[in-house]
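The values are calculated or read from the model by the stated rules, or taken from the named source; none is laboratory data. Here the structure is a predicted model, which is why all the values come from computation and not from measurement. Because the Cβ atoms are built from the backbone with ideal geometry, glycine has one as well, and the counts that use them run over all protein chains shown. Accessible surface is based on the protein model in full, side chains and every heavy atom, while ligands, DNA and RNA are left aside. Shrake-Rupley method; radii C 1.70, N 1.55, O 1.52, S 1.80 Å.
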Amino acid sequence: TNISHREFIYRMAYEMGQHLIGYEVQKVLAAVDWFSRKPDSPPIAVIGHGDGGMLALFSGALDERIRTTMVS
């Protein structure tokens with residue numbers, strides 16, 4: 001096939017009524033879960049550039065454990 005792996009996943013997600021951005025935000029939130037698993041964990045920040053900035057912004061808006069969000 002002549003499509004990228006990302007487009008292949010996007011097409012399958014579209015058929016299921018999902019969006020690829022939602023899947024990527026879930027990956028960021030899984031990392032937040034991992035970093036905040038200890039009770040004495042330091043403050044968590046997410047930083048992104050371009051599409052990563054969009055994911056950082058969405059993740060920071062959804063999860064209260066993220067103290068700082070930097071978007072470039």
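Relative contact order of the chain, please, whole-number percent, based on alpha carbon pairs below 8 angstrom and at least 6 residues apart. Could the numbers behind the result be given before it?
On the way: 73 pairs, mean separation 19.0, N = 72.
Over the chain, the number comes to 26 percent.
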Problem - Of all accessible heavy-atom area on the chain, the percent that carbon and sulfur account for (1.4 Å) - result: 59 percent
Completion exercise
With the dipole of the chain defined by +1 on each Lys or Arg Cβ and -1 on each Asp or Glu Cβ, the option from V46, A56, S72 whose Cα lies farthest towards the positive pole is V46
Practice task
Taking the chain as the reference, fit the longest principal axis to its C-alpha atoms, fit the long axis of helix 5-15 to the helix C-alpha atoms, and give the angle between the two in degrees, 0 to 90, nearest 10.
Solution key: 80 degrees
Problem - Extension reserve of the D33-Q18 stretch, reckoned as 0.36 nm per residue once the Cα distance is removed - result: 3.2 nm
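Ignoring ligands, DNA and RNA, what accessible area per residue does the chain give at 1.4 Å, in Å²? Each step should come with its number before you reach the end.
Values: 5740 Å² over 72 residues.
I get 80 Å² per residue for the chain.
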